[in-house]
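The values are calculated or read from the model by the stated rules, or taken from the named source; none is laboratory data. Since this is a predicted model, take the numbers as computed values, not measurements. Reconstructed Cβ throughout: ideal geometry from the backbone, glycine too, with neighbour counts over all protein chains shown. When the accessible area is computed, the model is the full protein with side chains, heavy atoms only, and any ligands, DNA or RNA have been set aside. Shrake-Rupley method; radii C 1.70, N 1.55, O 1.52, S 1.80 Å.
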Amino acid sequence: MNFWNAHDLAVVDLRERIIDLTEEFEKKFGRDIQDYNLKLERFLKQRLGKQSDFIFKSSILMTTSALNVVVNN
């Protein structure tokens, strides 16, 4: 499996975890709370911050690597 495929699988896994955690958040607090989006964002950041940051950084690395190959050839 190459780096691109592994990255795609990590993104899919993160998306599934976001859906599960959003459902958990809504069961616990409901949707009709004040500042719903802000509180949900904080909740997800606490739970998925490191994984999200890793995916973001690897995306940048892949993009810059591909651009470097194109520019140097």
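The table below gives the values:
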{"quantity": "Single residue of 27, 39, 50 found to be at pLDDT 95 or above, out of contact with any Ser or Thr (no Cβ under 8 Å at 6 or more places or on another chain), open to solvent by 100 Å² or more (accessible area, probe 1.4 Å) and not hydrophobic (A, V, I, L, M, F, W, C)", "calculated": "27"}
{"quantity": "Whichever residue in the range 1-42 is outside any helix (DSSP H, G or I) and polar (S, T, N, Q) and, among such residues, is farthest from residue 63 (Cα to Cα)", "calculated": "34"}
{"quantity": "Tabulated pairs, the range 28-50, first at negative phi, second small (Gly, Ala, Ser) and in a helix (DSSP H, G or I), C-beta under 9 angstrom, 6+ apart or interchain", "calculated": "44/52; 45/52"}
{"quantity": "Complete set of residues in the range 1-21 that are over 13 Å from the mean Cα position of the chain (by Cα) and in contact (Cβ under 8 Å) with a residue 12 or more places away in the chain", "calculated": "3, 4"}
